[in-house]
Amino acid sequence: MKNLILAIESSCDDSSLAIINKDDLSCVFEKKISQELQHSQYGGVVPELAARLHTAALPQILEQAKPFLNRLCAIAVTNEPGLSVSLIGGISMAKTLALSLNLPLLAINHLAGHIYSLFLNEKASFDMGVLLVSGGHTMVLFIDKQGKVNELAKTLDDSFGESFDKVAKMMGLGYPGGNAIEKLALKATEKKLFFNIPLKHSKDLNYSFSGLKNAVRLELLKHEKLDENTKSEIAFAFQNAAIAHILDKLEKIFSLHRFKSFGVVGGASANLSLRSRLEALCKKYDCELKLVTLSHCSDNALMIARAACEKFKKQEFTNIKMDILRTRSENLGYI
Ligand code: KG4
Ligand code: ZN
């Protein structure tokens, strides 16, 4: 029976393929080759390098997926938002596969993929609030019962994950910075350093992390030599202020909207400190907290495959001859 969907994710620095059974949502194949190590020495993703690495990694993974190709019913691919030179590798492979295997193409929004990572092997049910925290985005969304996405807040400058990456770069911790900062913060003992929580006294619901990043930069300038102890105190104080900022705005949003459930998605949703603060918030507002399994917070093709199952159901196929690549996506619409 031809009921498998193959999905490709290459929007940034992860080359990933997954195959899902669209009827029972089981994952039959999944593989990701991360480029973190190659970009680490530059303190961030180098687009040209990412593009080259995708062209080597994607065919390598596809070769392993060969036994499933005769059972496919569609090809899905992340088409937006992301780095154009990275997206193009996945899109070219997806179109070639769709054309040569005579299968329909499904173009999937990366952010919709992150949202569906909440329902990897279960039926999706919306009417929920969502916090999306990744390297490229920081957004609070309300998704109604019909799957219409409404934006409640977003970042005005850097994203939550990006601020971790930039602070890590300033401290010479490599890329990506989220996990490195979180680990370092755990080693802090004194905890006497504090950074101001951004926009604390503003009624605006949006986020801003650039001022906090600058405060860290100025603090680092005060130290001629950075010992491990000082580094961990700074990491702790930064993480604390960044998470407090997320929670401060969410508290305001929660008092305006009564969410039945609240999902947290994106690479930075793996942060355990953030998770536990959100648990407390949801408990206070009697709201069910939905978290993504730690293995699927960061970019992966399974979330794209899962989102593709919904598009397949609605027969929302994409014309293979269209230019579908978008580096930004303004409006998620219905997912
Ligand atoms: O979703 P993702 O894999 O890629 C994008 O769509 O951007 O998110 C990657 C981001 C990076 O900025 C990374 O530093 C951040 O997620 N991240 C974290 C943690 N783990 C990953 N940020 C804070 N704490 C973490 N534990
Ligand atoms: Zn992502």
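Compute a Gaussian network model of the chain, connecting alpha carbons closer than 10 Å, and tell me which residue from 36, 224, 190 fluctuates the most. Greatest mean-square fluctuation among the candidates belongs to 224. Only helices enter this figure: runs of n ≥ 4 DSSP H residues, each worth -39500 (n - 2.57), summed and divided by the residues of the chain, yield -13000 deg cm²/dmol at 222 nm to the nearest 500. When DSSP beta bridges are restricted to pairs lying wholly in the stretch 127-291, around 55% turn out antiparallel. Within the accessible area of the stretch 127-291, the carbon and sulfur atoms contribute 52%, probe 1.4 Å, all protein chains present.
At a probe radius of 1.4 angstrom, the accessible area of the stretch 127-291 per residue rounds to 47 square angstrom. When a/c is below 1.5 the answer is rounded, else prolate if a/b is larger than b/c, else oblate, so apply that to the stretch 93-221 with a ≥ b ≥ c taken from the square roots of the Cα gyration tensor eigenvalues. Cα axes put the stretch 93-221 in the prolate bin. The ellipsoid that matches the Cα gyration tensor of the chain has semi-axes, each √(5λ) in whole angstrom, of 35, 24, 16, with the longest given first.
For the pairs 32/283; 31/249; 192/284, flag any whose C-alpha to C-alpha distance is greater than 31 Å. Where the Cα-Cα span goes over 31 Å, the pairs concerned are 32/283; 31/249. Return one number: the angle in degrees, 0 to 90 and rounded to the nearest 10, between the long axis of the Cα atoms of helix 160-170 and the longest principal axis of the Cα atoms of the chain. Tilt relative to the chain: about 60 degrees. For the chain, modelled as a GNM whose springs connect Cα atoms under 10 angstrom apart, the maximal fluctuation among 32, 22, 200 occurs at 200. Taking the longest Cα principal axis of the chain as reference, the axis of helix 210-221 is set at about 50 degrees.
Build a GNM of the chain with springs between Cα atoms under 10 Å apart, and of 53, 25, 193 the one that fluctuates most is 193.
Ranking 81, 1, 293 by how far each Cα lies toward the positive end of the dipole of the chain (charges on Cβ) leaves 1 at the top.
By definition, a body whose alpha carbon gyration tensor gives a ≥ b ≥ c is prolate when a/c is 1.5 or more and a/b is larger than b/c, and the stretch 127-291 fits this prolate description. For the chain, the antiparallel share of DSSP beta bridges with both residues in that region comes to about 60%.
Taking all Cα pairs closer than 8 Å and separated by 6 or more residues, the relative contact order of the chain comes to 24 percent.
The values are calculated or read from the model by the stated rules, or taken from the named source; none is laboratory data. The model shown is predicted, which means the values in this text are computed figures rather than measured ones. Methodologically, a virtual Cβ is constructed for each residue, glycine included, from the backbone with ideal geometry; neighbour enumeration extends over all protein chains shown. Just the protein is used for accessible areas: all its heavy atoms, side chains included, with ligands, DNA and RNA removed. Shrake-Rupley method; radii C 1.70, N 1.55, O 1.52, S 1.80 Å.
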